[in-house]
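Here the structure comes first, spelled out in structure tokens, and everything after it is commentary.
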Amino acid sequence: MKKYRGNVYLVGPMGAGKTTIGRQLSELLKMEFVDSDHEIEARTGANIPWIFDVEGEEGFRAREEAVIDDLTQRQGIVLATGGGVVMREANRRHLHERGVVVYLLTPVSIQLERTARDRNRPLLRTPDPRQRLTELMALRDPLYREAAHVVMPTTGGSAREVALKIVHALADREALE
């Protein structure tokens with residue numbers, strides 16, 4: 001496949017597979033892969049749970065906004081974002097205007113399976129993770145859709161198969177534009 005000309009940004013809830021699918025997609029498109037959460041950790045020298053503990057969610061979101069602004073000005077990347085990236089209007093705008101945003105639509109039941117043993121998710125430090133994921137989905141789904149150019153369900157197939165479907169969706173978009 002020839003190299004894709006623009007940036008591709010993956011948004012969606014925790015457990016949607018943004019990082020896993022993003023790595024597959026970057027390989028297929030011959031583009032650099034970047035994970036915004038990993039970038040935040042590298043720039044701050046601290047992990048995300050620590051940032052949440054010390055600065056709260058608001059402090060983390062401020063750091064995230066600065067990183068998203070910076071990363072979306074680069075060229076030729078596949079970017080996996082954090083699940084809450086859409087909570088800030090500036091992030092939604094930068095992502096939407098500076099690349100193609102793919103919303104990885106994932107049901108709460110699958111999110112729960114994929115995040116069950118992950119202790120690196122501050123928002124799931126709760127007695128009822130299913131309820132928390134359901135609340136987050138109700139709040140964020142309209143924002144993911146607002147930012148997205150493509151909505152891609154993640155329930156059908158492996159990460160590689162979903163990445164291939166995204167490649168086809170990007171090709172279809174390019175043919176129409």
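The values are calculated or read from the model by the stated rules, or taken from the named source; none is laboratory data. Quick caveat, the model's predicted, so the values are computed rather than measured. Heads up, the Cβs are rebuilt from the backbone with ideal geometry, glycines too, and the neighbour counts pull from every protein chain shown.
So, in the range 28-72, exactly how many residues are surrounded by fewer than 18 Cβ atoms within 10 Å (Cβ to Cβ), in contact with a Phe, Trp or Tyr (Cβ under 9 Å, 6 or more places away or on another chain) and outside any helix (DSSP H, G or I)? Residues in the range 28-72 being surrounded by fewer than 18 Cβ atoms within 10 Å (Cβ to Cβ), in contact with a Phe, Trp or Tyr (Cβ under 9 Å, 6 or more places away or on another chain) and outside any helix (DSSP H, G or I): 1 in total. Picking from residues in the range 73-105 that are assigned to a helix (DSSP H, G or I) and aliphatic (A, V, I, L, M), the one that is surrounded by the most Cβ atoms within 10 Å (Cβ to Cβ) is V85.
Modelled with pLDDT of 95 or more and over 24 Å from M31 (Cα atoms): does that describe R160?
Details: modelled with pLDDT of 95 or more: yes; over 24 Å from M31 (Cα atoms): no.
Criteria not met by R160.
Every condition in (1) under 20 Å from R114 (Cα atoms); (2) assigned to a loop (DSSP other than H, G, I, E, B) is met by L25 except one, and the failing one is (2).
If you take the residues of the range 1-27 that are among the polar types (S, T, N, Q) and crowded, with 21+ Cβ neighbours inside 10 Å, which of them is nearest to A163 (Cα to Cα)?
The initial filter retains those residues of the range 1-27 that are among the polar types (S, T, N, Q), namely 7, 19-20, 24, 26.
Then drop every residue that is not crowded, with 21+ Cβ neighbours inside 10 Å, which leaves 7, 24, 26.
Details: N7: 15, Q24: 6, S26: 9 Å.
Filtering first and then ranking leaves Q24.
Got a number for residues in the range 106-152 being part of a helix (DSSP H, G or I) and either at pLDDT 80 or above or of a type outside the set (A, V, I, L, M) (or both)? Please lay out each step first, then the result.
At the first step, the residues of the range 106-152 found to be part of a helix (DSSP H, G or I) are 108-115, 122-124, 129-147.
Going one step further and asking which of them are either at pLDDT 80 or above or of a type outside the set (A, V, I, L, M) (or both), we end up with 108-115, 122, 129-147.
Number of matching residues: 28.
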